[in-house]
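What follows draws every value from the coordinates through simple rules; no lab data is involved. A quick note: this is a predicted structure, and the numbers were derived from the prediction, not measured. All Cβ positions, glycine included, derive from the backbone under ideal geometry; neighbour counts span all protein chains shown.
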Amino acid sequence: MGDAGGPVVGASGVEGTTGVGGASGVGGASGVGGASGVGGASGVGGASGSARMIDALPLPAGFTSYTWAATVEEVAERHGLSVEHVLKFDQNTPPLPGIPQVPLAESLARLNEYPDGQYRELREAAAAYVGSDTGWEQVVVGAGADDLILLCARTFLGPGRRAAITGPTYSLYRIATQLAGAEHAETVEGADLIWRCNPNNPTGEVTPAADLVELARARPGTVVVVDEAYIEFGGESIVPFLAGTPNLIVLRTLSKAFGFAALRVGFAVAAPATAALLEQRRAPAPVAAPAARIAAAALREPRFDLAPTIAERERVRVALVAAGWDAPVVTGNFVWVRSGEPLAERLESEGLIVRRFPQGIRITLRRPSENDILLRALGAEPGPRGGRSATVVRTTTETALRITLDLDGSGQARVATGIGFLDHLLTLMSFHAGFDLDCLAGGDLDVDEHHTVEDVLASLGTALAQALGTREGVARYGSAVVPMDEARAIAAVDLVRRPHAEIALAFTGDRVGGLALSLLPHALQRFAMEAGCTVHVEASGLDDHHVVEAAFKALGQALRQAVAPGGAGIRSTKGAA
């Protein structure tokens, strides 16, 4: 299922296949810590003999716990890279977060109170979302689908029981089984619980719903848990079959298609009597109140558009196949590459983090221009991509940065330059331009902010030029007048390849926050030069903060108009941009 980000690893750092054998017998002494870890004789942390020993239930022989993947910072340090050069393709979450559809003020004003333990609003929204006349009492909520996997194991497994797991698949099924004291094997005969991920993670294979229903109906005494974390990306849900199959349980998450992994919200759906068994055993309040409200609103009115992700998945997969890689058809927000080569290690050395398995690697889809970086690292030639986006990676002795710009976005921005006010200005500009912007930069701020400001704006211009491509079919011109209280800004843009800038920003002081205002005119000139366009910006007023905000808002509005579709060809009597 992969509801959380990090893989389950053993000593080699390779995610386990979880499906084969692996006795879960009890082994080792129960002391915690000590020189030898679990089973050591020295008590907690190797304390002296006078300390009272704390006994924990022993773990099964060969047990490996859930471990998060290496962080960007760890990978950068390991391979001598800057963090701006490291890209994570391992978490199976979307490149941009979901947008909460409810105001958070009311929930945040009640942080001293527990959530509604019944979660009626969330359960009703989930029931309506899955359809098939599902009642809210058939829904059980949890802190992500991972919480519900553990809940299913606690409810239906224990010593002397066995689960069936077919690998490679999500490792938490094996962990939950072993923590419950049960055994696991691949064969379904005689199993008390059968785990299935559909579509499967990491292979992307889809099992027909009819096959899963038949699997359950042929074994009425066996619980069949079907993890549908990726069902929005394709495949047929088994929810319509729950009424006649009380031993079926469906798991869902808001971490994948919805883009709310950080909220940790999932839910199980089952026949009423089966759901009641889980509801009796769940934690009193597993989901925070603000998270529950956001999740309920998202389920009531889903706003995700997965068509671009599915198209991008095929573009990436086809490019890999053309380069000779074994990349089968998959269903999910990822691509699966079967290989016995140490591809994950090789890619990590280049700052590209993928999920590793003994059978191959799983690549989470990011933005198209970022996916192209990984394709080229694997020797694949990226095919034409939909939309207009670009990724620029730049390193000098003074700065290191990565910018990804999508001209056909929704105005979402994640900016971290180390200069708070610059982050604010770029966020404003991207919002008003309707661009999606991801900017990560680090520079010699111990000297001053000059190099970072200039290089970020210059690289943003480079990204704009690359995203525009031939500049065919755009409106070309854009202009805007933006008032900001007493301040007013005027911006005009011409996307023809005649780089020129006229910047007149009238300030009364030297700084706003951590940003020296004198740096902005030159930085905007660099933006225009690198973008290969003409930019005029004028702004004045009594409050420097308002002056700068108005200038960047106006520039964003002008860019929105200029990059908008404007018919076929290049809008120039010369016939060239």
Next item on the list: Arrange the following residues from fewest to most other Cβ atoms within 10 Å of their Cβ: Arg394, Arg376.
Entry: Arg376, Arg394
Next item on the list: With +1 on each Lys and Arg Cβ and -1 on each Asp and Glu Cβ, and nothing else charged, work out how big the dipole of the chain is about its Cα centre, in Debye to the nearest 20.
Entry: 1040 debye
Check: What's the center-to-center distance, using Cα atoms, between region 504-536 and region 264-282 in Å?
Finding: 56 Å
Next item on the list: With an 8 Å cut-off on Cα pairs and a minimum separation of 6 or more residues, tell me the relative contact order of region 405-533 in percent.
Entry: 27 percent
Check: What is the magnitude of the charge dipole of region 340-386 about its Cα centre, with +1 placed on the Cβ of each Lys and Arg, -1 on the Cβ of each Asp and Glu, and no other charges, expressed in debye to the nearest 20?
Finding: 220 debye
Notebook entry, point to check: Got a sec? Charge dipole of the chain, +1 on Cβ for Lys and Arg, -1 for Asp and Glu; which of Val493, Gly383, Gln525 is way out at the positive end?
Noted result: Gly383
Checklist line | Theoretical FRET efficiency, 1/(1+(r/R0)^6), r = Cβ-Cβ of Asp133 and Ile99, R0 30 Å, to 0.05 | finding: 0.50
Margin query: Between region 430-446 and region 197-237, what is the separation of their alpha carbon centroids in Å?
Written below: 42 Å
Checklist line | Listed residue (Leu555, Ser540, Val415) projecting farthest to the positive dipole end of region 390-563, Cβ model | finding: Leu555
Item checked: Extension gain, Ser410 back to Glu314 (0.36 nm per residue minus Cα-Cα distance, nm) -> 32.3 nm
Checklist line | Label point distance in nm, Glu186-Glu106, each placed 7 Å from Cα along Cα→Cβ | finding: 5.3 nm
Check: Dipole magnitude of region 284-338 about its Cα centre, charges +1 at Lys/Arg Cβ and -1 at Asp/Glu Cβ only, in debye to the nearest 20?
Finding: 120 debye
Notebook entry, point to check: What FRET efficiency comes out for the pair Leu57/Asp116, r = Cβ-Cβ distance, R0 = 41 Å, nearest 0.05?
Noted result: 0.80
Margin query: Skipping prolines and chain starts, which residues have an amide H placed within reach, meaning under 5 Å, of the one on Asn201, given they are 5 or more residues away or on another chain?
Written below: Tyr170
Note to self: What distance in nm lies between label points placed 7 Å from Cα along the C-beta direction at Arg376 and Glu74?
What the structure shows: 2.9 nm
Notebook entry, point to check: So for Asp423, Asp455, Asp55, fewest C-beta neighbours within 10 Å to most, what's the order?
Noted result: Asp55, Asp423, Asp455
Margin query: Name the residue from Gln359, Asn247, His450 whose Cα lies farthest towards the positive end of the charge dipole of the chain, charges +1 on Cβ of Lys and Arg and -1 on Cβ of Asp and Glu.
Written below: Asn247
Notebook entry, point to check: Fewest to most neighbouring Cβ within 10 Å: what's the order for Tyr173, Tyr66, Tyr129, Tyr114?
Noted result: Tyr114, Tyr66, Tyr129, Tyr173
Margin query: Tell me the mean residue ellipticity at 222 nm calculated for the chain from its helices only (DSSP H runs of n ≥ 4, each -39500 (n - 2.57), averaged over every residue, nearest 500).
Written below: -9500 deg cm²/dmol
